[in-house]
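Visitor: What follows is a structure written as structure tokens; I'll ask about it next.
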Ligand code: FAD
Ligand code: ZN
């Protein structure tokens, strides 16, 4: 029988099939510099071409791993030497913008920041925003249901996707390119694929909901002495900013001082406060918005809820504040966690976690930050050890969620890294239904095998 790679080369012309050193010269991911392994990396130029590729792979029982910008945090896009990689790097077009309805149609290989900038030129905001914006793709953000910094106002990617096109494991094209906010004609099939991490289908095109670009933006970094004060500020900004609060990023003091320590970023304010919050609002009336924003900060300074504040006076000063929150290179290597839990449980969770980490390893430090308004905390634990240490650390971080109604994954998904923990956050019945869905859409278990859930035992 002809080798699958030769067949793929016959099917996809113009250098669309990459092999050998051209694959191994690519890093496994943003987090893992080791060489990528695969039989071939295939770059379709159209949905139809991808459909033909998947039909061929299906006929040959060939496993397929789809990769976007490789910024995912749970090893969901990692391939083995036996896989064929699908990369949508030849499908990056912003196909159309409908200014009347406020929707855009984008190919899944497009890089988030490129699309944000193309839309901003036309007066539109694509509100999904995250530190990986310069590398992550629209397809990857749909497949992981990415969250990021603007979720408290605009929701996760799921809230921004009106429709999509997807290719199933056997090559079937499902075009579900709805453009309206309302469409209750039967099951909402797009929801199946949003957050499915490449295990149910390959997303090729997406209809995205747009918002008008803001006319004013206010940013501040402030320090607070207690978590209660951080939460009081969140509530007062949510109610007094008339719905314009768009980001509320909290950094525990240890995180702030670690990223601004030796060899880190320059500290925009004293690095020894207990809590730091980077806050942003976006509105339509620059003068009134600024007055209202500053008045809230002044009141909080007077009441003692906040003890220091910086208002950037230029875009470069604003960027210097955001870099402290978004560029965590200075604290790497570390184990990265992403959990969610009710705001009221956060402080006790962090205390419990710190105590358990200290009892486990006197040198272990948990650096906490997060988008707390949507219940999301991130934790870096240092120093890193071997695989066994990682497993022990996972058990501590997830174990501390017990009884708090939290989740082991707020926005990063499951991939490989959290697979063993899925049953902490989903019931047996939910996992059984997930397996049935996987079996229905990918009966040969060829799409991103081994990620999210293990295949169901064969039915008798
Ligand atoms: P990849 O990493 O390439 O793939 C991720 C998963 O999606 C894999 O399972 C892959 O198989 C699947 N996939 C990729 N493309 C497709 C497709 N077209 N169809 C079907 N499946 C596909 N995440 C957040 O949610 N919020 C954050 O704030 C955030 N901040 C980050 C900051 C940094 C600095 C970094 C490095 C990462 C951050 N992430 C964050 C994680 C990551 O950026 C997101 O998960 C992102 O959505 C992944 O997109 P990607 O294109 O890089 O996908
Ligand atoms: Zn995040």
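The values are calculated or read from the model by the stated rules, or taken from the named source; none is laboratory data. Quick caveat: nothing in here was measured; it's all calculated off a predicted structure. FYI the Cβ positions are ideal-geometry reconstructions off the backbone, even for glycines, and counts take in every protein chain you see.
Visitor: Of the residues 224, 267, which single one is under 23 Å from residue 369 (Cβ atoms) and buried (at least 21 other Cβ atoms within 10 Å of the Cβ)?
Guide: Of the residues listed, the single one that is under 23 Å from residue 369 (Cβ atoms) and buried (at least 21 other Cβ atoms within 10 Å of the Cβ) is 224.
Visitor: Can you pull out every residue in the stretch 108-127 that is near ligand 1 (Cβ under 9 Å from one of its atoms) and closer than 22 Å to residue 178 by Cβ?
Guide: Within the stretch 108-127, 108, 109, 112 meet the criteria.
Visitor: Pick out the one residue from 344, 325 that is surrounded by fewer than 18 Cβ atoms within 10 Å (Cβ to Cβ) and under 30 Å from residue 402 (Cβ atoms).
Guide: 344
Visitor: On to the next question. Looking at the stretch 371-391, is at least one residue within 16 Å of ligand 2 (Cβ to nearest atom), in a loop (DSSP other than H, G, I, E, B) and surrounded by 17 or more Cβ atoms within 10 Å (Cβ to Cβ)?
Guide: For the stretch 371-391, residues within 16 Å of ligand 2 (Cβ to nearest atom), in a loop (DSSP other than H, G, I, E, B) and surrounded by 17 or more Cβ atoms within 10 Å (Cβ to Cβ): present.
Visitor: Moving on to the next point. Is it true that some residue in the stretch 122-134 is more than 16 Å from ligand 2 (Cβ to nearest atom), surrounded by fewer than 20 Cβ atoms within 10 Å (Cβ to Cβ) and without any contact (Cβ under 8 Å) to a residue 12 or more places away in the chain?
Guide: Within the stretch 122-134, none of the residues are more than 16 Å from ligand 2 (Cβ to nearest atom), surrounded by fewer than 20 Cβ atoms within 10 Å (Cβ to Cβ) and without any contact (Cβ under 8 Å) to a residue 12 or more places away in the chain.
Visitor: Same structure, new question: Would it be correct to say that residue 113 is at pLDDT 95 or above, under 22 Å from residue 247 (Cα atoms) and surrounded by fewer than 20 Cβ atoms within 10 Å (Cβ to Cβ)? Steps first, answer last, please.
Guide: On the way: at pLDDT 95 or above: yes; under 22 Å from residue 247 (Cα atoms): yes; surrounded by fewer than 20 Cβ atoms within 10 Å (Cβ to Cβ): yes.
It is true that residue 113 is at pLDDT 95 or above, under 22 Å from residue 247 (Cα atoms) and surrounded by fewer than 20 Cβ atoms within 10 Å (Cβ to Cβ).
Visitor: Examine the stretch 426-436 for a residue that is within 16 Å of ligand 1 (Cβ to nearest atom) and either farther than 30 Å from residue 280 by Cβ or surrounded by fewer than 17 Cβ atoms within 10 Å (Cβ to Cβ) (or both), and state whether such a residue exists.
Guide: Yes, the conditions are met somewhere in the stretch 426-436.
Visitor: With the requirement that a residue be assigned to a helix (DSSP H, G or I), in contact with a helix residue (DSSP H, G or I) (Cβ under 6 Å, 6 or more places away or on another chain) and either farther than 27 Å from residue 409 by Cα or within 16 Å of ligand 2 (Cβ to nearest atom) (or both), what does the stretch 301-333 give you?
Guide: Across the stretch 301-333, the qualifying residues are 324, 331.
Visitor: Out of 281, 334, which single residue is touching a residue at least 24 places away in the same chain (Cβ under 8 Å) and closer than 30 Å to residue 124 by Cβ?
Guide: Values: 334 fails: closer than 30 Å to residue 124 by Cβ.
Testing whether each residue is touching a residue at least 24 places away in the same chain (Cβ under 8 Å) and closer than 30 Å to residue 124 by Cβ leaves just 281.
Visitor: Given (1) within 16 Å of residue 159 (Cα to Cα); (2) surrounded by fewer than 19 Cβ atoms within 10 Å (Cβ to Cβ); (3) near ligand 1 (Cβ under 9 Å from one of its atoms), where does residue 138 come up short, assuming only one miss?
Guide: (2)
Visitor: Out of all the residues in the stretch 334-349, which are within 16 Å of ligand 2 (Cβ to nearest atom) and more than 14 Å from residue 395 (Cα to Cα)?
Guide: Answer for the stretch 334-349, where residues must be within 16 Å of ligand 2 (Cβ to nearest atom) and more than 14 Å from residue 395 (Cα to Cα): 334, 340, 341, 343, 346.
Visitor: Going through the stretch 141-186 one residue at a time, which ones are more than 9 Å from ligand 1 (Cβ to nearest atom), on the phi > 0 side of the Ramachandran plot and within 14 Å of the chain's Cα centre (by Cα)?
Guide: Matches in the stretch 141-186: 155 only.
Visitor: Among the numbered criteria (1) in contact with a strand residue (DSSP E or B) (Cβ under 6 Å, 6 or more places away or on another chain); (2) assigned to a loop (DSSP other than H, G, I, E, B); (3) more than 25 Å from residue 205 (Cβ to Cβ), which one does residue 62 miss?
Guide: Every condition holds for residue 62 apart from (3).
Visitor: Also, I was wondering about something else. Only one of (1) within 27 Å of residue 164 (Cα to Cα); (2) in contact with a strand residue (DSSP E or B) (Cβ under 6 Å, 6 or more places away or on another chain); (3) part of a helix (DSSP H, G or I) fails for residue 41. Which number is that?
Guide: (3)
Visitor: Write out, first by first residue and then by second, each pair whose Cβ atoms fall under 6 Å of each other, whose residues are 6+ apart or on separate chains, and whose first residue, in the stretch 58-72, is under 25 Å from residue 141 (Cα atoms) and in contact (Cβ under 8 Å) with a residue 40 or more places away in the chain while the second is within 16 Å of ligand 2 (Cβ to nearest atom) and outside any loop (DSSP other than H, G, I, E, B).
Guide: 68/140; 69/140
Visitor: For the stretch 247-259, state whether one or more residues are farther than 28 Å from residue 364 by Cα, buried (at least 19 other Cβ atoms within 10 Å of the Cβ) and touching a strand residue (DSSP E or B) at 6+ places or on another chain (Cβ under 9 Å).
Guide: yes
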